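Written out below as structure tokens is the structure these notes cover.
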Amino acid sequence: MDSSTTRAVARRALIPIVGFGVYAGAVALVPVSDPRPIAPARADTLGARGIEAWRAAGCQHCHSIYGLGGHTGPDLTTIISRTSGAYVRAMVRNGLPGMPAYRDLDERSLARLIRYLEAVDRSGAYPPKSLRADPLGGS
């Protein structure tokens, strides 16, 4: 083999090696995941702030969610589908036999509490099932 043929063979052998090097370098520069933080799917829509109202009003002392909490009052996991948000609002404001009225609970906290109970209700009955967040931010 003459020297020009040897060089041509060497160049051809080098092409896949260089190509692989370029590919490996490009792959190394691509981030594994998007570095920008992902905004939660409108957490308040799912009633995340409602749990604060639940705790502040002391609901957990008498009521339970998914069977966890107090046992003086009924489990409220599916209260929304068994009644309605309007019923819960009236029940909290006016009380029931064995349950005091919470007239001092501000309207924003009550609305958040109802959204929390709606989110719990949508997630299912005991035992709990996971609740998938809507990636578009809806409820």
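Read the figures in this text as sums done on the coordinates, not as results from a lab. Here the structure is a predicted model, which is why all the values come from computation and not from measurement.
Karplus-derived 3J(HN,Hα) values for region 68-78, using 6.51 cos²θ - 1.76 cosθ + 1.60 with θ = phi - 60°, are 10, x, x, 10, 6, x, x, 5, 9, 3, 10 Hz; glycine and proline are entered as x. A full extension of the chain between Arg7 and Leu68 corresponds to an added length of 14.2 nm, given 0.36 nm per residue minus the alpha carbon distance.
Stretch Arg122-Asp104 to full length: gain in nm at 0.36 nm per residue minus the Cα-Cα span?
3.7 nm
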